[in-house]
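Q: Take a look at this one; I'll ask things after.
The values are calculated or read from the model by the stated rules, or taken from the named source; none is laboratory data. Here the structure is a predicted model, which means the values were calculated and not measured. When we count neighbours, we look across all protein chains shown, and the Cβ atoms used for this are built from the backbone with ideal geometry, even at glycine.
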């Protein structure tokens with residue numbers, strides 16, 4: 001699957017030319033979220049050239065996730081750190097000094113970017129999921145035309161394995177097919193080629209608990225290894 005995604009680091013603004021499934025509502029409530037200190041620290045994914053850094057937020061009730069990656073423009077595409085599997089993205093970002101970098105069009109240029117998310121951990125049945133939401137300090141002050149963008153939630157299945165993590169996002173094409181076939185009865189709307197789940201949190205939790213063991217609805221996992229230095 002190919003994605004063309006317009007990212008604004010402190011508030012995601014997605015412009016889809018292919019399919020994407022996101023949610024208007026969170027995965028859980030504040031009293032349902034959990035905090036596990038073993039998630040803290042730096043995790044690396046050498047094949048994607050990315051570093052994931054989890055830091056505590058909210059008196060250690062949730063996390064700030066920083067994803068550092070080197071974006072090559074040789075093909076105008078790069079591997080997405082969140083939407084796993086065979087997806088790819090194009091990006092326009094804010095850098096650490098709040099200045100806008102140009103969209104990646106110079107084929108011989110590389111840009112070191114940082115994505116910021118608020119990450120909340122939930123346990124649904126025997127499985128763990130992250131709810132990723134655009135993060136970063138004063139995120140709205142960094143945006144132009146902020147009224148035209150809406151932050152949304154992305155859900156990622158997470159599996160702990162000692163010094164490794166597995167991250168799995170939902171297979172967006174499979175999900176959209178299931179929606180179209182009415183095999184998933186979860187309120188949603190099609191917006192600019194994106195599927196936006198509009199169902200309340202309670203319905204989302206029931207859906208995830210039902211499908212969490214269904215491998216076909218997930219992309220291939222992204223494997224992260226913890227930096228123990």
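Q: Test residue 176 against the criterion of being loosely packed, with under 13 Cβ neighbours inside 10 Å and more than 16 Å from residue 24 (Cβ to Cβ), and give yes or no.
A: no
Q: If we scan the stretch 222-229, do we find a residue that is in contact with a helix residue (DSSP H, G or I) (Cβ under 9 Å, 6 or more places away or on another chain), more than 29 Å from residue 53 (Cα to Cα) and surrounded by 16 or more Cβ atoms within 10 Å (Cβ to Cβ)?
A: So far as the stretch 222-229 goes, no, none of its residues is in contact with a helix residue (DSSP H, G or I) (Cβ under 9 Å, 6 or more places away or on another chain), more than 29 Å from residue 53 (Cα to Cα) and surrounded by 16 or more Cβ atoms within 10 Å (Cβ to Cβ).
Q: Residues of the stretch 180-210 being part of a helix (DSSP H, G or I) and without any contact (Cβ under 8 Å) to a residue 24 or more places away in the chain, which ones?
A: Matches in the stretch 180-210: 180, 202, 203, 206, 207, 210.
Q: OK, next. Is the stretch 144-151 home to any residue that is assigned to a loop (DSSP other than H, G, I, E, B), under 19 Å from residue 64 (Cα atoms) and at pLDDT below 85?
A: Looking through the stretch 144-151, at least one residue is assigned to a loop (DSSP other than H, G, I, E, B), under 19 Å from residue 64 (Cα atoms) and at pLDDT below 85.
Q: Same structure again: Among the residues of the stretch 117-136, what is the count of those that are modelled with pLDDT under 90 and either touching a helix residue (DSSP H, G or I) at 6+ places or on another chain (Cβ under 6 Å) or in a strand (DSSP E or B) (or both)?
A: 1
Q: Quick one: count up the residues across the stretch 156-173 that are crowded, with 16+ Cβ neighbours inside 10 Å and in contact with a helix residue (DSSP H, G or I) (Cβ under 7 Å, 6 or more places away or on another chain).
A: Selection size over the stretch 156-173: 2.
Q: Which condition does residue 22 not pass, out of (1) at pLDDT below 90; (2) farther than 30 Å from residue 163 by Cβ; (3) touching a strand residue (DSSP E or B) at 6+ places or on another chain (Cβ under 9 Å), if it passes all the others?
A: (1)
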